[in-house]
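Working notes, structure below.
The values are calculated or read from the model by the stated rules, or taken from the named source; none is laboratory data. Only a predicted model underlies this, so the values are computations on that prediction, with no experimental measurement involved. Backbone-built Cβ (ideal geometry, glycine too); neighbour counts: all protein chains shown. For accessibility, only protein heavy atoms count, side chains too; no ligands or nucleic acids. Shrake-Rupley method; radii C 1.70, N 1.55, O 1.52, S 1.80 Å.
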Amino acid sequence: MPLIPHLFRPTSRLRGSLIAGLAAVTLVLGWAGSASAQRRPAAEILPDDTYLYIRAANVREFMEKSRDTAFGRMMADPEIAPLMENLYGMAADEFEQVRDQVGLSLDELFEIPQGEFCFAVVRNRDGDQPLAPVFLLDVGNSIDLAERLVGNGEAALFEQGVEPEEEDIDGTFVKVINGGNPDDRVVYFFRDGTFGVTNDLAVAEQLLARWDLQPTNRDKVFSNNRKFVAIMNRCRGTADARPDMTFFFDPYGMFQATQEGVSGAVATAFAKSIGVDGFSAVGGAYTVNVGEFEAIMHLHLLLASPRQGVVKMIAMRDGDLMAQDFIPADAVTFMTLNWDVDTTWDAFEEIFNKVSQSDTALDDTIETNINRRLGVDFKEDVIGNLTGRLTYSTWLVPPSRLNSQAIVFGAEVVDEEAAKETIAAIFEEVGLPENVEQVRYEGVEITKFPSPGNRRRFRVEVGPNGERTTRPLEEGEEPEDPFETGRLRRPEPCMAIYHNHILFSDSFDALKEYIACGEGRRDRLTDDPRYQETMDDIKRLMGDGTAGMMIYQQPEAILENFYNLAVDQENRNSLRQAGENNRQLRRLDEVLNETPLPPFDVFKKYFSANGGVFSDDSTGIHYFTYQRRLD
């Protein structure tokens, strides 16, 4: 049974009213800030066995800080602000369609947030469901608007014959909506300017009992959860810049909490036998406007030590992170990873043999299903020839399309000639279809595989009200190419062995671009000043630490691709036609006509390259990424 969807599952009779009232509060009021002075922060009142935790410490402050970031300055740019105002006006106008149901305008909704926001999933040991969701939202001096919103939802429920029950818990009035079974129950309350929601009265009682009590280090509260503490210690902000947002997820703990009976015991035992319990938890922190950086994010995957089973397969190693000579300067994304292939393979073999109850199970399976069919020794000729360095990169294939971004993936090999011999042996053994081409470019042999997607043997037609119908081709009509009619790039799977790398791509043009770069006919990423600055930053921030993986991105390239699509006249004509039968699209077309997009250079100046790095230590895998502040 899916876990999260069943935490709140109102009946059809209640759904509309809950969305109009309670859900509107919990979702919209999520933009909130620090805890009210009368209560402790969320982590200090949630139970120790909290499995999911998402918290905004002070989003009012976060929004103010964001005004001084590149994005905030872009929104306030005189050439962009009129468009943003019109788009917001469009959203406000559309919201008027549901104002009577909600009871507030869009502007009033945005006035409500005043404090901390937290969403959590906790263990419910005393209830009839193993898990319970918890919302905590500080509404502060906007409580009148929040109460109006909830009251409007209650009124809608009352019209349907549903009246909330009331409980008094130490002076706090708690309301309970029972929908007939535990999955439909909603429990909510206001206290000290904070709105709280859960699905079990016992959970509400536990929260309120700890509401204003400062915990000791022995109390079973989430702030003392050893996994949470370990992760936050690795993700904490600087002394003068606390994280604006934090999150935590304990998937194995959540899994354990939902296992019942014999089947649950078997599932738990199997998970432990292959080391799944070694994935302790994952969490992180995000902070904006920190010194020389627009934003900083830390992410930590906490792993058991020593690593066993599947956890042992996670084995990064220190290695070269510099971009190869064949990565072009205009690559959108460059990501490289140094992997300990032997450690991962040995751990996988151990698990496979253990599950199969045979010491030779993996060798036997490979021999039967791979070696004999491909005519190679997979372990020696393929796995044994990998250095462990893997590279992933993307590049935009002109012209601009929704799927212009092509992928180039590379696996470094120890012996290039041996790799060529292995691939040739495989091709000879399996036999290549006639439509596989072998072409040469810059002296490099490229293998082009058949492009996916056949031409349609039918026509798709759109009626006056937007309905889509199909009909068979008439005599003399040519089959349609779905990629051409959809103005999409047709994938062209291909591969080549180049500079000790096996390169795979879904674009022949992209692969040629990378080879041309390697031959010195294109600008290289390693010569780009922004990339060099990013690598210098990473070395400085890592200090004496080692890293096994890094990511470099140039987001303005993606934005420019979508900008070109937005201003394309054919796309604008399609939007106009679609707006004839759709009010929202018609209004969007009107907004774009009233306030056209400014030149792309106006947007581009607000974007900078960003980098990130992964490291592997005794506690797990740590990821650190940042966006440098623009001058």
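Quick look at the values:
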| quantity | calculated |
| --- | --- |
| Local electrostatic count, Ile327, Cβ distance below 11 Å [Lys/Arg +1, Asp/Glu -1] | -4 |
| Accessible area of Thr485 in the full protein assembly, 1.4 Å probe (Å², nearest 10) | 80 |
| Three semi-axes of the equivalent ellipsoid, region 268-341, Cα gyration tensor, whole Å, largest first | 31, 21, 10 |
| Relative contact order for region 488-631, counting Cα pairs under 8 Å that sit 6 or more residues apart, in percent | 21 |
| Entries of Lys272/Lys354; Lys175/Lys227; Lys227/Lys312; Lys65/Lys605; Lys65/Lys227 with Cα pairs more than 23 Å apart | Lys175/Lys227; Lys65/Lys227 |
| Most positive-pole-ward Cα, Pro251, Gly196, Val266, against dipole of region 179-297 from beta carbon charges | Val266 |
| Stokes-Einstein translational diffusion, region 416-456 - Kirkwood Rh over all Cα pairs, 0.890 mPa s, 25 °C, in µm²/s | 205 |
| Per-pair calculated FRET efficiency, R0 = 56 Å: Ser451 and Lys379 via Cβ, rounded to 0.05 | 0.95 |
| Cα centre as origin, Lys/Arg/Asp/Glu Cβ charges: the chain dipole, Debye | 780 |
| Under 14 Å from Lys448, Cα to Cα: aspartates and glutamates that are on another chain or at least 8 residues apart | Glu434, Glu437, Glu492, Asp506, Asp509 |
| Hydrodynamic radius by Kirkwood, which averages 1/r over all alpha carbon pairs of the chain, in angstrom | 28.9 |
| Base-10 log of normalised Debye intensity for region 270-418 (one unit scatterer per alpha-carbon) at q = 0.12, 0.17 Å⁻¹ | -0.80, -1.20 |
| Region 67-145: chymotrypsin sites (Phe, Trp or Tyr not before Pro) in DSSP loop, at most 10 other beta carbons within 10 Å | none |
| Residue-level accessible surface for Trp345, protein heavy atoms, 1.4 Å, Å² | 30 |
| Relative contact order (percent, whole number), the chain, Cα cutoff 8 Å, 6+ residue spacing | 14 |
| Size of charge dipole - region 241-322 - debye, nearest 20, with Cβ of Lys, Arg +1 and Asp, Glu -1, no other charges | 360 |
| Charged-residue dipole, Cβ positions (Lys, Arg, Asp, Glu), region 31-181 about Cα centre, Debye nearest 20 | 640 |
| Dipole of region 70-219, positive direction: furthest Cα of Leu145, Ile112, Pro130, with charges on the beta-carbon | Pro130 |
| Once the Cα gyration tensor of region 74-229 is diagonalised, semi-axes √(5λ) in Å | 33, 23, 14 |
| Average projected area [Cα convex hull, region 238-308], square nanometres | 6.3 |
